[in-house]
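See below for the structure under consideration.
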Amino acid sequence: MSDSPDPATQPPPFHLLAKPTGSTCNLDCAYCFYLGKEALYPGVRARMSDEVLERYVRQLVEAHQGPEATISWQGGEPLLMGLEFFRRAVALARRSARPGLAVAHTIQTNGTKIDGDWARFFRENGFLVGLSIDGPRECHDAYRRDKRGRPTFDRVMRGLSHLREQGVEWNALTAVHAANADHPAEVYRFLRDECGARFIQFIPIVERPDRGGVPCGDSVTARSVSAAQWGRFLTGVFEEWVRHDVGEVYVQMFDVALANWYGEPSGLCVHSPTCGTALAMEFNGDVYCCDHFVEPGYLLGNIGERHLAELAGAPRQRRFGQDKLDRLPRCCVACDVLFACHGGCPKDRFVVAPDGEDGLNFLCAGFKAFFAHVDESMRAMCALLRADRAPAEIVARYRESDAVATTSGAAATLPGAAEALPGAAATLPGAAATTSGKAAHSPGDSSDRRQT
């Protein structure tokens with residue numbers, strides 16, 4: 001294998017989630033799709049060796065020709081590798097980076113292992129930490145338990161307190177499932193008020209039975225969120241957020257929607273026309289097309305045999321990403337919210353469409369309900385952006401509307417929305433269609449979340 005990438009196969013910008021412990025975790029979350037991946041590597045202790053670590057960091061840095069490269073860790077539970085492993089990773093990145101290249105570090109964790117030492121390390125090295133927390137105690141502990149069946153809420157909150165004490169930048173990653181889907185406002189207020197979250201990712205749990213770590217069939221478990229619940233959950237959170245927190249709290253789904261309404265790239269593969277730029281790497285250097293397709297049929301190769309840049313830019317990987325668009329069912333192509341949805345994640349496209357065609361997203365009805373509900377607000381925020389004004393001005397409009405509705409007893413309407421331009425219209429060059437005023441970033445949840 002060549003020590004450096006072939007310039008002829010230089011990939012497009014990509015993001016990779018490295019799993020140094022594979023699927024190994026100290027928890028046994030009932031809905032975790034990744035625990036079953038241990039079947040792919042039977043009888044092997046899943047721990048990344050120093051040789052693979054060095055090769056991964058060096059190749060990742062070499063593969064990025066832009067001004068920044070992001071080293072992202074996920075699991076399983078990556079903190080099981082211990083602090084020294086990540087100290088070596090940071091040192092390797094510093095030695096490998098060419099002059100002028102900034103290296104960012106992100107990590108996704110269940111939070112139960114975080115103590116003062118971990119938090120200081122994250123702060124000192126500028127880590128962005130993704131913390132998995134599913135809402136208040138009863139929502140979180142419903143499915144997020146350890147190997148002995150014990151609840152984990154208190155341990156996660158203790159880990160969060162260490163992050164906050166040290167001033168570590170962190171995101172909340174909240175899975176939406178049968179136990180919390182009917183409580184959108186309660187979950188959102190808990191994250192905002194009790195956790196102090198300012199960047200929030202909501203991930204729908206759509207869990208199918210699996211065989212040997214590979215999902216199969218068209219049924220889902222009772223833990224899964226239904227399409228209707230997903231739509232109601234997003235709508236419920238939006239109604240709280242749009243009245244109080246635009247410009248103050250970043251909710252990934254809402255900024256993604258605004259970007260699509262505005263006509264900008266959303267930065268999230270789930271709601272982009274194509275995907276294929278968010279790869280996953282197992283502890284032994286095996287690289288897969290996507291975190292949700294860590295299956296034998298989607299194995300691209302191993303970084304010990306081919307350079308990471310070549311794997312990321314391989315024709316097979318490009319085809320994987322293009323298939324997201326090319327395999328849309330006819331009803332999606334004709335849908336009036338295609339510009340916002342783009343068919344959702346391919347992993348959830350296992351439902352038969354009304355016309356009998358395969359490949360409809362399981363969450364389709366929920367997406368359509370949510371996008372229809374926010375259409376007026378998104379148009380209003382787009383109009384504000386085009387007038388070089390802040391989307392956060394919509395909060396005052398909602399307060400005015402609510403006050404009028406309270407006085408008159410009429411249903412609330414959004415003042416000024418009639419003047420807004422249609423969604424998916426021409427972009428304003430150089431403008432950033434974000435509600436928070438900050439760049440969208442993520443340490444890597446499990447839904448494609450991952451482009452930074």
Selection within the range 277-307 - out of contact with any strand residue (DSSP E or B) (no Cβ under 7 Å at 6 or more places or on another chain) and open to solvent by less than 10 Å² (accessible area, probe 1.4 Å): Glu282, His307
Quick one: would you say Arg379 is among the basic types (Lys, Arg), open to solvent by 20 Å² or more (accessible area, probe 1.4 Å), touching a Leu at 6+ places or on another chain (Cβ under 7 Å) and under 30 Å from Ile203 (Cα atoms)? yes
Phe254 over 16 Å from the mean Cα position of the chain (by Cα) and either not aliphatic (A, V, I, L, M) or not in a helix (DSSP H, G or I) (or both): no
Quick test of your reading of the structure: Val237 fulfils all but one of (1) of a type outside the set (Lys, Arg); (2) open to solvent by 10 Å² or more (accessible area, probe 1.4 Å); (3) touching a strand residue (DSSP E or B) at 6+ places or on another chain (Cβ under 8 Å). Name the failing condition by number. (2)
So, of the residues in the range 165-186 that are aliphatic (A, V, I, L, M) and in contact with a helix residue (DSSP H, G or I) (Cβ under 6 Å, 6 or more places away or on another chain), which turns out to be farthest from Gln252 (Cα to Cα)? Ala179
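Listed here are the residues, each with its yes/no results for (1) within 30 Å of Phe370 (Cβ to Cβ); (2) at pLDDT 95 or above.
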| site | (1), (2) |
| --- | --- |
| Arg148 | no, yes |
| Leu163 | no, yes |
| Val168 | no, yes |
| Asn180 | yes, yes |
| Asp193 | yes, yes |
| Ile205 | yes, yes |
| Pro215 | yes, no |
Set Arg120, Arg189: member being surrounded by fewer than 18 Cβ atoms within 10 Å (Cβ to Cβ), in contact with an Asp or Glu (Cβ under 8 Å, 6 or more places away or on another chain) and farther than 21 Å from Arg223 by Cα: Arg189
Being crowded, with 23+ Cβ neighbours inside 10 Å and in contact (Cβ under 8 Å) with a residue 60 or more places away in the chain is the filter here; which residues of the range 349-367 pass it? Phe362, Leu363, Cys364, Gly366, Phe367
As an exercise: evaluate Cys335 against (1) free of Cβ contacts under 8 Å to residues at least 40 places away in the same chain; (2) touching a strand residue (DSSP E or B) at 6+ places or on another chain (Cβ under 7 Å); (3) open to solvent by less than 40 Å² (accessible area, probe 1.4 Å) and give the number of the one condition it does not meet. (2)
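Residues being acidic (Asp, Glu) and crowded, with 16+ Cβ neighbours inside 10 Å: count how many of those fall in the range 154-173. Walk me through it before giving the result.
Applying the first criterion (acidic (Asp, Glu)) to the range 154-173 yields 154, 165, 169.
With crowded, with 16+ Cβ neighbours inside 10 Å added as a condition, the list becomes 169.
Number satisfying all stated conditions: 1.
So which residues in the range 256-266 are in contact (Cβ under 8 Å) with a residue 12 or more places away in the chain and open to solvent by 10 Å² or more (accessible area, probe 1.4 Å)? Working first, answer last.
Kept after step one, since they are in contact (Cβ under 8 Å) with a residue 12 or more places away in the chain, are these residues of the range 256-266: 256-264.
Result: Asn260, Gly263, Glu264.
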Test result for Arg94, touching a residue at least 12 places away in the same chain (Cβ under 8 Å), of a type in the set (Lys, Arg) and assigned to a helix (DSSP H, G or I): no
Which residues, counting only those in the range 21-71, are open to solvent by 10 Å² or more (accessible area, probe 1.4 Å), of a type in the set (A, V, I, L, M, F, W, C) and not in a loop (DSSP other than H, G, I, E, B)? Leu35, Ala39, Leu40, Val52
Residue pairs qualifying under the 6 Å Cβ cut-off, at least six apart or on distinct chains, with the first in the range 211-239 being in contact (Cβ under 8 Å) with a residue 60 or more places away in the chain and farther than 17 Å from Leu191 by Cβ and the second being among the basic types (Lys, Arg) and not in a loop (DSSP other than H, G, I, E, B), are Gly213/Lys37
Quick one: count up the residues across the range 222-234 that are open to solvent by 40 Å² or more (accessible area, probe 1.4 Å) and part of a loop (DSSP other than H, G, I, E, B). 3
Looking only at the range 310-323, and only at residues there that are open to solvent by less than 20 Å² (accessible area, probe 1.4 Å) and in contact with a Gly (Cβ under 7 Å, 6 or more places away or on another chain), the one that is nearest to Glu264 (Cα to Cα): Gly321
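The values are calculated or read from the model by the stated rules, or taken from the named source; none is laboratory data. None of the values given here were measured: they were computed from a predicted structure. Cβ: placed from backbone, ideal geometry, glycine included. Neighbour counts: every protein chain shown. For accessibility, only protein heavy atoms count, side chains too; no ligands or nucleic acids. Shrake-Rupley method; radii C 1.70, N 1.55, O 1.52, S 1.80 Å.
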